Amino acid sequence: MTASDAYLATLALKKEPPLVALHDVHLSFGANQVLKGIEVEVRRGQAVSIIGPSGSGKSTVLRCITGLLRPQRGSIRVGDTQVDALRTEAELIALRKRVGFVFQQYNLFPHLTVLENLVIAPTRVAGRDRAAAEREARVLLEKVRLGHKEKAYPGELSGGQQQRVAIARALAMQPELMLFDEVTSALDPETVGEVLTVIRDLVNDGLTCVLVTHEMRFAEEISDEVYFTEAGLIVEHGPAARIFGDPASERTRAFLHRALGEGSRNRPSPVLLPDPPVAFSRARFAL
């Protein structure tokens, strides 16, 4: 693709309505105001990172997108679904078939093999053919570099391997949007790179992703847009290159100075593994 083609593609993308749109979202737990008028947009094919100090409302935003939390005020839309208007469990299940969510903890079924963990939702929730679901699950296990572990049980895997299985399990439902909630925070530093490599591959494959992360260098590398939050507010947002290179807010600048300065001295940047020769369709995720 030439530079001109890329520019025209970007213009076309901006003309489309966003896949995810949060407008003036407020959420409180009692007297504790967690979100105070959040505005977020995510377009198809984008990788968007939400960064900020702990307790700033980042993970709460993800839970609102998937309907796990209901705001007191504001609008949340995913595609043509008005999330804040959903009321029944059936409506929420229909939304969550389209939105994959990977949490800090892996939440795998300990009594099922890796392959069974991937197959159970597509067959029981989505009603897919068992043989087809197993074929797709094996492709995904190869994608996350765990094809040799399909018969293993979660307790036999490292933390990084379990998190990669959790990512593959979310992908097994063929979502149009993936949410990642600090998926490396519970991992040993040596296994962080394994998980980040898988996420990088998904971004490169064109899957729309929203990430809450403390891995600043990774967010800078893979993100199209970055939102910096503090105390339930969006302090600023914009292209990753600008946010990390020349933030407009002094508060953003101070946060990144600590995160990339002190943090990088205490914790080395994770090593991203090279891509293996795995056949995988980019078009499958370019929804």
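The values are calculated or read from the model by the stated rules, or taken from the named source; none is laboratory data. Values in this document were obtained by computation on a predicted structure and should not be read as measured data. When we count neighbours, we look across all protein chains shown, and the Cβ atoms used for this are built from the backbone with ideal geometry, even at glycine.
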Any idea how many residues of region 148-181 are closer than 19 Å to Val192 by Cα and of a type outside the set (D, E, K, R)?
17
Can you pull out every residue in region 43-81 that is at positive phi and touching a Cys at 6+ places or on another chain (Cβ under 9 Å)?
Gly74
Scanning region 20-51 for residues that are under 14 Å from the mean Cα position of the chain (by Cα) and among the hydrophobic types (A, V, I, L, M, F, W, C) gives Val20, Val42, Ala47, Val48, Ile50, Ile51
Counting just the residues of region 38-94 that are among the basic types (Lys, Arg), in contact with a Leu (Cβ under 9 Å, 6 or more places away or on another chain) and assigned to a loop (DSSP other than H, G, I, E, B), which one comes out surrounded by the fewest Cβ atoms within 10 Å (Cβ to Cβ)?
Arg70
Pair list, Cβ under 7 Å, 6 or more apart: region 106-128 residue β-branched (Val, Ile, Thr), other residue modelled with pLDDT under 95 and in a helix (DSSP H, G or I)
Val125/Lys97
Kindly indicate which of Gln163, Gln174 is of a type in the set (S, T, N, Q), touching a residue at least 60 places away in the same chain (Cβ under 8 Å), surrounded by fewer than 18 Cβ atoms within 10 Å (Cβ to Cβ) and under 17 Å from Leu202 (Cα atoms).
Gln174
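Given the options Ala126, Ala121, name the one that is part of a helix (DSSP H, G or I) and either at positive phi or small (Gly, Ala, Ser) (or both).
Ala121
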Val34 vs. criteria part of a strand (DSSP E or B) and not small (Gly, Ala, Ser)
yes
If you go through region 146-165 one residue at a time, do you hit one that is of a type in the set (Val, Ile, Thr), within 30 Å of Val25 (Cα to Cα), within 20 Å of the chain's Cα centre (by Cα) and modelled with pLDDT of 95 or more?
no
Answer from Ala132, Ala172, Ala168 - the residue that is out of contact with any helix residue (DSSP H, G or I) (no Cβ under 7 Å at 6 or more places or on another chain) and among the aliphatic types (A, V, I, L, M)
Ala132
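Counting only residues that are under 30 Å from Phe218 (Cβ atoms) and in contact with a His (Cβ under 9 Å, 6 or more places away or on another chain), how many does region 51-94 have?
6
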Need the failing condition index for Ser54 against (1) of a type in the set (S, T, N, Q); (2) under 20 Å from the mean Cα position of the chain (by Cα); (3) at pLDDT 95 or above, just the number.
(3)
